[in-house]
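Following: one structure in structure tokens, then a few remarks.
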Amino acid sequence: MKNFKSNTSFLFTFIHWPVITRILCIIFIINISFGVLIHFIEPEEFPRIFDGIWWAVVTTATLGYGDYVPVTVTGRSLAILLIFFGTGFVTTYFVALAASAVATQNAYLEGKVEYKGEEHIIIVGWNERVKESLMQIRGLIQKPVAVVLIDQTLQQNPLHDQNVHYIKGNPIYDQVLLKANVKKASLVVITSDQSKDEVQADMNAVLTLLTVKGLNPDVHTIVEILTSAQVKNARRAGADEIIQTNMLSSYVMINSMVSYGMSNTVLNMLDQLKGSKLKYLDADESYIGTTFEKLSNQLLQDKILLIGIKRREDTMVNPPLFTLIQADDSLLVIKD
């Protein structure tokens, strides 16, 4: 009874192995069995067991080197059986291998494979802004950047040839973010869903942010918010940075209304500042107590243009020249 249970358990386990593994095991068993048999049937033609196994492998692979050939009726009958069974299994193996490769490739394209890397960037949502941002990143950063794209509307990965891993699904669910390995991510960017109205898109972004922070409270998050009413909710949810797209657009429009052609100037200016030219610098101890004017002239000697000060939550652009630099200030500069 115990042997029966043991055999049944092994058979059950074997049946649940991957198809390729099962077929490969059967091929090995067939080649070894027929190799041993041909050695005992024709010991003169196959003096070693390995010679028989070699003949069986060459026969099932349809190579037919002809270095070992059975000469008796029994040996040739065995060869016929080997051709019928062994060659069929080998052919099935290669077909299954090709089918598995195609299925795996399709799974990657369709966003069904989880990501196992670390220190990657997760981008939620696919739109023209994301596409342009990724193109800019490729041109600015020398080393490869691993990017995981999460979207539930795409049928397949739009940038599969550019080191972008696609996960299909709704990011408000834990299992989708876990497939993107959010616990090991270095940055999460949540974009606004253009297919929804502004309020619903913001609510979805905040909900996604809550899910991200619930799984990885330490990851740096950048969230796109369309309505000013949801900015506080995004901060409560733990957003490290909030981008108010509509407000940025309105600033450009207002400046264009006041000064014609300003929109092109702003775009050109931002294009020249792309990358790491516009940045924050921590105030050095030697800067503390120095006036904005004096520090500005000092930094110009190093080709650094001081344009503002970030003091806690407030940012002062071109403050009064007599403004004193404090210990917790961050300097807004343009630097090559």
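Which pairs, out of LYS277/LYS310; LYS183/LYS310; LYS168/LYS232; LYS116/LYS168; LYS168/LYS213, put more than 24 Å between their alpha-carbon atoms? Mind showing how you got there, number by number?
Working: LYS277/LYS310 17 Å; LYS183/LYS310 30 Å; LYS168/LYS232 29 Å; LYS116/LYS168 15 Å; LYS168/LYS213 20 Å.
In this structure, LYS183/LYS310; LYS168/LYS232 exceed 24 Å between Cα atoms.
Sorted by accessible area with a 1.4 angstrom probe, largest first, how do TYR68, TYR108, TYR166 fall? Intermediate values should be presented prior to the final figure.
Values: TYR68 60, TYR108 110, TYR166 0 Å².
Reading off the accessible areas and sorting them downward yields TYR108, TYR68, TYR166.
If you split all Cα-Cα distances of segment 96-223 into 10 Å bins from zero, what percentages do you get per bin, shortest first?
Bins of 10 Å from zero give 13, 45, 33, 8, 1 percent of pairs.
Using heavy-atom solvent-accessible surface (probe 1.4 Å) with all chains present, what is the largest-first order of ASP282, ASP302, ASP329?
Working: ASP282 130, ASP302 110, ASP329 5 Å².
Ranked list, largest accessible area first: ASP282, ASP302, ASP329.
When all C-alpha to C-alpha distances in segment 92-136 are sorted into bins of 10 Å, what percent of pairs does each bin hold, rounded to whole numbers?
21, 31, 30, 14, 4
Give the residue list of trypsin sites (Lys or Arg not before Pro) in segment 84-176 that are DSSP loop and have at most 11 other beta-carbon atoms within 10 angstrom. Working shown, then result.
Details: sites: LYS112, LYS116, ARG129, LYS131, ARG138, LYS168; in loops: LYS112, LYS116.
Of the trypsin sites (Lys or Arg not before Pro), the ones in loops of segment 84-176 whose Cβ has at most 11 other Cβ atoms within 10 Å are LYS116.
Excluding ligands and nucleic acids, what accessible area in Å² is computed for ILE29 using a 1.4 Å probe, to the nearest 10?
My reading of the accessible area for ILE29 is about 110 Å².
In what sequence, largest accessible area first, do ASP151, ASP336, ASP240, ASP328 appear using a 1.4 Å probe?
Values: ASP151 15, ASP336 150, ASP240 75, ASP328 120 Å².
Largest to smallest exposure gives the sequence ASP336, ASP328, ASP240, ASP151.
In what sequence, highest mean first, do 85-94, 172-181, 308-317 appear when ranked by Cβ atoms within 10 angstrom? Kindly include the intermediate steps, with their values, before the conclusion.
On the way: 85-94: 16.1, 172-181: 18.2, 308-317: 13.0.
In decreasing order of mean packing, 85-94, 172-181, 308-317 become 172-181, 85-94, 308-317.
Can you tell me the length gained on complete extension of the stretch ALA101 to GLU132, counting 0.36 nm per residue apart and subtracting the Cα distance?
Values: separation 31, 0.36 × 31 = 11.16 nm, distance 3.15 nm.
8.0 nm is the gain from fully extending ALA101 to GLU132.
Using modelled amide H (1.01 Å from N, peptide plane; none on Pro or chain starts), what sits under 5 Å from the amide H of TYR166, excluding residues fewer than 5 places away?
Excluding prolines and chain starts, which carry no amide H, the hits are LEU149.
Scan around HIS220 for amide H atoms under 5 Å from its own, H built in the peptide plane at 1.01 Å from N, and keep only partners 5 or more places away or cross-chain.
VAL188
Any number yet on Rg/Rh for segment 32-96, C-alpha, Kirkwood?
Values: Rg = 11.3 Å, Rh = 11.6 Å.
For segment 32-96, the value is 0.97.
With θ taken as phi - 60° and the coefficients 6.51, -1.76 and 1.60, list the Karplus ³J(HN,Hα) couplings across segment 290-306 in order, rounded to whole Hz; mark glycine and proline as x.
7, 6, 4, 5, 5, 5, 4, 5, 5, 5, 4, 5, 9, 6, 10, 9, 8
For TYR115, list long-range residues whose amide hydrogen, built 1.01 Å from N in the peptide plane, is under 5 Å from its own amide hydrogen.
So TYR115 has HN proximity to ALA180, ASN181.
Can you compute 3J(HN,Hα) from phi for each residue in segment 185-201, using the Karplus curve 6.51 cos²θ - 1.76 cosθ + 1.60 with θ = phi - 60°, rounded to whole Hz and x for Gly and Pro?
So the Karplus estimates, Gly and Pro as x, are 6, 9, 7, 10, 10, 10, 9, 7, 6, 6, 7, 10, 6, 4, 5, 5, 5 Hz.
Calculate what fraction, in whole %, of the accessible area of segment 174-227 sits on carbon and sulfur atoms when a 1.4 Å probe is rolled over the protein chains. Walk me through the intermediate numbers first.
Values: 1290 of 2320 Å².
Percent of accessible area from carbon and sulfur atoms in segment 174-227: 55.
Put +1 on the Cβ of every Lys and Arg and -1 on every Asp and Glu Cβ in segment 164-241; which of VAL206, ILE190, GLY169 then has its Cα farthest towards the positive end of the dipole?
GLY169
Quick one: with all protein chains in place, what share of the accessible area of segment 46-170 is carbon or sulfur, to the nearest percent (1.4 Å probe)? Please list the in-between numbers first.
Details: 4510 of 7360 Å².
It is 61 percent, rounded to a whole number.
Residues of segment 183-239: accessible area per residue at 1.4 Å, in Å²?
Numbers: 2730 Å² over 57 residues.
Result: 48 Å² per residue.
The values are calculated or read from the model by the stated rules, or taken from the named source; none is laboratory data. Everything quoted here is computed from the prediction, not taken from an experiment. FYI the Cβ positions are ideal-geometry reconstructions off the backbone, even for glycines, and counts take in every protein chain you see. The protein model used for the area step is the full one, side chains on, heavy atoms only, and it has no ligands, DNA or RNA in it. Shrake-Rupley method; radii C 1.70, N 1.55, O 1.52, S 1.80 Å.
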